[in-house]
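Working notes, beginning with the structure itself.
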Amino acid sequence: MSADVAIAIVSYNTRELLDACLTSLRAENEAGRAEVWVVDNDSSDGSADMVRERHPWVQVLALRENPGYGAAVNLVAERTHTPYVAAANADLRFEPHALERLLDAARASPEAGALAPRLVMLDGSTQHTVHPFPTLRVGLALSLGLHRVPAVGRALCMEGHWDPDRPRGVDWAHGAFLLVPREAWDAVGGFDPEQWLYAEDLDLCWRLHRAGRPTRYVPDAVVHHHVSAATSARWTTDERAVRTQRAAYAWMLARRGAPITRVVALANLAGPVVRWLLWTVAAPLAPRRAARHRRINRGYARMHRTGLEPGAELLRFRSRPAS
């Protein structure tokens, strides 16, 4: 009997975390629910050899280059015929029944294009992994502070305002783990291999949404997430934030065109710039508080001004950098 889902775990220099991830999935493989694949994107830490030695039940694709996250998952989808395809980071650990609950939710919502679990971070808190699509409406809501209105914040799934315990439809969810019905996957062609790092999940959910296949968040499917295990060794938290936002604007430029991209960037940029100016004026009255808020808003401004970068420069962040 074939498995329900082919899980494509994308590996890059996270050997021990990958080992723990595979250990947590062994029961799913033995139960016949999952065939598990590891696509190793040219790691230098012996990850592929570790999988072969410790987890011989796992299929391994050891690549000699790093094609990116989405392209690696596509390789597994092309080689399998299961009813579902799942994209997975290597820094995950699955709670018992997590995969089963995602599959149950998928069967209960046959219109869904992607299903996302609850991701729990090392401190035990739920990671904020669901978001609205980046639009002018959302940018204005953020700049005007309307997301602090409870109903607006909940509707837009804004961090600090969303309900992590509520199963619901969302615009898009993080690709650390996404379960996609094969029919929906084939309808949109899987991940866009041109979106090399970051925003590949945004792009997939956006194309699924346009095809009438929304994304669902399933909070009773619990998966532990180390968060940015592969990229944190290369970039600081602030650098990752800027790169993530730049990739999102590069995606928007490629998919939706320059006018929309620039208008959305300006809408997102207006709020932090105005707040930075206001806190600058207020600095003599509350210097420590002003310094903290100026630093926060300077960071947001740095992120969103990437949406105003020249088109050729911005689009460069969609593709794999030259070696």
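Laid out as a table, the results:
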| quantity | calculated |
| --- | --- |
| Ordering of 53-60, 2-9, 30-37, 173-180 by packing [mean C-beta count within 10 Å, highest first] | 173-180, 2-9, 30-37, 53-60 |
| Global size of the chain as Cα Rg and Dmax, reported in angstrom | 20.2, 71 |
| Fraction of accessible area attributable to carbon and sulfur, the stretch 74-149 (%, probe 1.4 Å) | 57 |
| Debye equation applied to the C-alpha atoms of the stretch 259-323, log10 I(q)/I(0) at 0.12, 0.20, 0.27 Å⁻¹ | -0.42, -0.77, -1.05 |
| Rg over Rh, two decimals, the stretch 202-285 (C-alpha only, Kirkwood Rh) | 1.09 |
| Global geometry of the stretch 111-155, whether rounded, prolate or oblate, following the gyration tensor of its Cα atoms and the 1.5 cut on a/c | oblate |
| The chain, helix-only ellipticity at 222 nm - DSSP H runs n ≥ 4, -39,500 (n - 2.57), divided by all residues, nearest 500 | -14000 deg cm²/dmol |
| Peptides 109-115, 133-139, 292-298 ordered by average Cβ neighbours within 10 Å, highest first | 109-115, 133-139, 292-298 |
| Signed unit charges on C-beta, dipole axis of the chain, positive-most listed residue Pro56, His304, Leu25 | His304 |
| With every protein chain in place, the stretch 258-323: carbon and sulfur % of accessible area (1.4 Å) | 65 |
| Mean projected area (nm²) of the alpha-carbon convex hull when the stretch 132-219 is viewed from all directions | 6.4 |
| Square roots of 5 times each gyration tensor eigenvalue, C-alpha, the stretch 163-321, largest first, Å | 31, 20, 16 |
| Solution diffusion estimate, µm²/s, Stokes-Einstein, the stretch 35-122, Kirkwood Rh from C-alpha pairs, 25 °C, viscosity 0.890 mPa s | 166 |
| Fraction of the pair-distance distribution of the stretch 253-294 above 16 Å, Cα-Cα pairs, percent | 49 |
| Accessible surface, per residue, of the chain when the full set of protein chains is kept, probe 1.4 Å, Å² | 47 |
| Among Met252, Met50, Met303: highest mean-square fluctuation, GNM of the chain, C-alpha pairs under 10 Å | Met50 |
| Cα-based Kirkwood hydrodynamic radius, the stretch 59-166, one decimal, Å | 17.0 |
| Pairwise Cα inverse-distance average, inverted: Kirkwood Rh of the stretch 7-66 (Å) | 11.3 |
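The values are calculated or read from the model by the stated rules, or taken from the named source; none is laboratory data. As the structure is a prediction and not an experimental result, all values here were calculated from the model. When we count neighbours, we look across all protein chains shown, and the Cβ atoms used for this are built from the backbone with ideal geometry, even at glycine. Accessible surface is based on the protein model in full, side chains and every heavy atom, while ligands, DNA and RNA are left aside. Shrake-Rupley method; radii C 1.70, N 1.55, O 1.52, S 1.80 Å.
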